[in-house]
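Undergrad: Dumping the structure here so I can ask a few things about it.
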Amino acid sequence: MNLFDIPFLVDNFLALCRGIPLTLQLTVLSVSSGAVLAMLLAGLRLSGNRVLDGLARGYIFVFRGTPLLVQLYIIYYGLSQFPELRRSFAWPFLREPYWCASLALCLNTAAYSAEIIRGGVIAVPLGQIEAAKAYGMGRLTLLRRIIAPQALRLMLPAYSNELILVVKSTALASTITMMEVTGIAAKLISASYRPVEIFICAGAIYLLLNFSITRLLRFFEHRLSRDQRPHVVATGEQA
Amino acid sequence: MKLTLILSAVALAASLQSAHAADKIRIATEGAYAPWNFSGPNGTLEGFEIDLANDLCKRMNRECEIVAQNWDGIIPSLTAGKYDAIMAGMSITPKREEVIAFSTPYAAAINSFAVLDDSDLAGLPMAGKPLSVDSEAAGPVLEEIAKLVGGKTVGVQGSTTASSFMEQYFKDAADVREYKTTEEHDFDLVSGRLDAVVANATVLAAAMEKEDMAGTKLAGPLFSGKVFGMIGIGLRKEDTALKADFDAAITAARADGTVKTLSEKWFKLDVSPQD
């Protein structure tokens, strides 16, 4: 085995790059739809209604407590076993591995993100909410002006973790025939029997993707925490 | 002091164990390729290759241990030394021979399409007839099949001769999807996600006896040829003595009809290599 076979590494790296669009599509699709579902779930958790809270709790319990691979297999291989489903309106979607993978990733990330959102919201000091109410703010204004800006900042570090996990989880889509980065890696390995080099290339691609995502999120974190940083006032006296 | 004593005792025991294990031949199989090799109802490995492996080991007077290993990593793990031999319905192909050595073949590989009974592809030409894809007669038949599978979705197990076959002959015609195991593409054939699958005919025939595969059948010719190769035991290139032992044992098992008997027991047909 020669790890410094540069032409081989370059060829395979470029071949693997062809999987990046699919990896990103799966990530973006599941993260965006998962975020909407997560907000809904967090809303239910915070609603104060025991039934709604219980429903959301149950959902989160199931999707956080079972492996994503199992969820993916249940959605892809499990659901297709029912002839009723194969005749239903959902089949044109569930027939495609692409939608099954997106759905599994979405449902899974929603469970984690809901708890992150809830954590961010309850971390906003109660005194501020009381003060805002005393000012006569309505619920929406309260949410927009007081809760959302602070909750967003508080949850961003945890949420960036979740985004990274989703990018890596898209690799599981290769188990249901999707040719994203890991799927292409498996195919290239079967052609060359050189798993070390090819998995290193695939790993490097995930590193690059996640590096860009963490940079982007750090930028947002920085923007959102402007008021938390000490003001640098150039007085010119002490220098 | 006491601790060092215990640790050295453990180390000694461990080294004895590994020395003992080195005497054994460790044979890897996939365990998901019935009737060649599969996990039986009580979890033990069974199948044509398990019986044959035990017979060969007896002939070589060696103790053998058969382990299950994912098809995906089965060759890299052999070269990495996780086990000493592969008996997993693996065809001898030039590409694999660049990386590992093979024993003399113990079976021939015959592949076929499988489709749903009511599929457009149910009427593929030369149904059930043997066809060597290297023969001159194969050209027009393959062309006709390429037309029929045009735009269809066909499942194969990844890193197999079936996937090379699809790649080589129908790459531009059909949309080929790769699965980890043949069981998985069988599920998707039945559910209607796939229009056809290509796999070893004996494996497909065995799968069709199960209730879940009702309503499916083999279609088109029984393919053989260079792309499918013959099936042999995969070995590390440097293990020449082990290869010589296996070669002698396989030659003997073929000569006295053991391979034929086991083949008929598991496949209901004789797949022993004809040469």
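Undergrad: Given the options A:Leu209, A:Leu52, A:Leu142, which has the most mean-square fluctuation in a GNM of chain A, springs set between C-alpha atoms less than 10 angstrom apart?
TA: Answer for the Gaussian network model of chain A: A:Leu142.
Undergrad: Turning to a different aspect of this structure: Applying the Karplus parametrisation 6.51 cos²θ - 1.76 cosθ + 1.60 with θ = phi - 60° to the phi angles of segment B:219-228, what ³J(HN,Hα) value in whole Hz is obtained for each residue in order, glycine and proline being reported as x?
TA: Calculated HN-Hα couplings, in order: 9, x, x, 8, 7, 9, x, 4, 4, 8 Hz.
Undergrad: Consider just the alpha-carbon atoms of segment A:6-226 and return their Rg together with their Dmax, both in angstrom.
TA: 20.7, 70
Undergrad: Moving on. In a shell of Cβ-Cβ distance under 13 Å around A:Pro92, excluding A:Pro92 itself, what net charge do Lys and Arg (+1) and Asp and Glu (-1) give?
TA: Result for the neighbourhood of A:Pro92: +3.
Undergrad: Still on this structure, please answer the following. Determine by what factor the alpha-carbon radius of gyration of segment B:36-185 differs from 2.2 N^0.38 Å, reporting the quotient.
TA: 1.21
Undergrad: Per-residue HN-Hα couplings for segment A:121-134, Karplus 6.51 cos²θ - 1.76 cosθ + 1.60 at θ = phi - 60°, whole Hz, x for Gly and Pro?
TA: Couplings: 5, 6, 7, 5, x, 4, x, 5, 5, 4, 4, 5, 5, 5 Hz.
Undergrad: Tell me the mean residue ellipticity at 222 nm calculated for chain A from its helices only (DSSP H runs of n ≥ 4, each -39500 (n - 2.57), averaged over every residue, nearest 500).
TA: For chain A, the value works out to -23000 deg cm²/dmol.
Undergrad: Considering protein heavy atoms only and a 1.4 Å probe radius, which residues within segment A:173-193 exhibit an accessible-area decrease of no less than 40 Å² in the full assembly relative to the chain by itself?
TA: SASA drop of 40 Å² or more in segment A:173-193: A:Thr177, A:Lys187, A:Ser190, A:Tyr193.
Undergrad: List the relative contact order of chain A as a percent without decimals, with contacts defined as Cα pairs under 8 Å and 6+ residues apart.
TA: 29 percent.
Undergrad: Rounded to the nearest Å, what's the spacing between the alpha carbon centres of segment B:240-269 and segment A:140-210? Just the number, please.
TA: 48 Å
Undergrad: Hey, what do the phi angles of segment B:99-114 turn into as Karplus ³J(HN,Hα) couplings, whole Hz, using 6.51/-1.76/1.60 and θ = phi - 60°, x for Gly and Pro?
TA: 10, 10, 9, 10, 6, 4, x, 10, 7, 9, 9, 10, 10, 7, 7, 10
Undergrad: Something else now. What figure in square angstrom, to the nearest 10, would you give for the accessible area of A:Arg95 with a 1.4 Å probe?
TA: We get 70 Å² for A:Arg95.
Undergrad: Considering only C-alpha atoms, what is the centroid distance from segment B:190-236 to segment A:39-64, in Å?
TA: Centre-to-centre distance over Cα atoms comes out at 47 Å.
Undergrad: Relative contact order, percent, of segment B:110-229 when contacts are C-alpha pairs under 8 Å separated by at least 6 residues?
TA: Relative contact order comes out at 49 percent.
Undergrad: Amide H to amide H, which residues 5 or more places from B:Val176 or on other chains are under 5 Å from it, using H placed in the peptide plane?
TA: B:Val154
Undergrad: Hand me the chymotrypsin sites (Phe, Trp or Tyr not before Pro) from segment A:71-166 located in a DSSP loop with no more than 13 other Cβ atoms within 10 Å, in residue order please.
TA: A:Phe89, A:Tyr135
Undergrad: Rounded to the nearest percent, how much of the accessible area of segment A:81-239 (1.4 Å probe, protein heavy atoms only) is carbon and sulfur?
TA: 65 percent
Undergrad: Please report, largest first and rounded to whole Å, the three semi-axes of the ellipsoid equivalent to the protein assembly as shown, where each semi-axis is the square root of five times an eigenvalue of the C-alpha gyration tensor.
TA: Equivalent ellipsoid semi-axes, largest first: 53, 30, 22 Å.
Undergrad: Total Å² of accessible surface buried at the A-B contact, 1.4 Å probe, nearest 100?
TA: Buried surface at the A/B interface: approximately 1800 Å².
Undergrad: Express the Stokes-Einstein translational diffusion coefficient of segment B:111-224 in µm² s⁻¹, to the nearest whole number, given a Kirkwood radius over alpha-carbon pairs, 10 °C and a viscosity of 1.306 mPa s.
TA: 116 µm²/s
Undergrad: Using the heavy atoms of the protein chains alone and a 1.4 angstrom probe, what is the accessible area of the protein assembly as shown per residue in square angstrom?
TA: 51 Å²
Undergrad: Right, something else. For chain B, what relative contact order do you get, as a whole percent, if you take Cα pairs closer than 8 Å and at least 6 residues apart?
TA: 28 percent
Undergrad: Taking just the alpha-carbon atoms of chain B, what radius of gyration and Dmax come out, in angstrom?
TA: Computed over the Cα atoms of chain B, radius of gyration and Dmax are 20.7, 80 Å.
The values are calculated or read from the model by the stated rules, or taken from the named source; none is laboratory data. Predicted model only: the values in this text are computed from it and were never measured. Backbone-built Cβ (ideal geometry, glycine too); neighbour counts: all protein chains shown. Just so you know, the surface numbers come from the protein's heavy atoms only, side chains and all, with ligands and any DNA or RNA stripped out. Shrake-Rupley method; radii C 1.70, N 1.55, O 1.52, S 1.80 Å.
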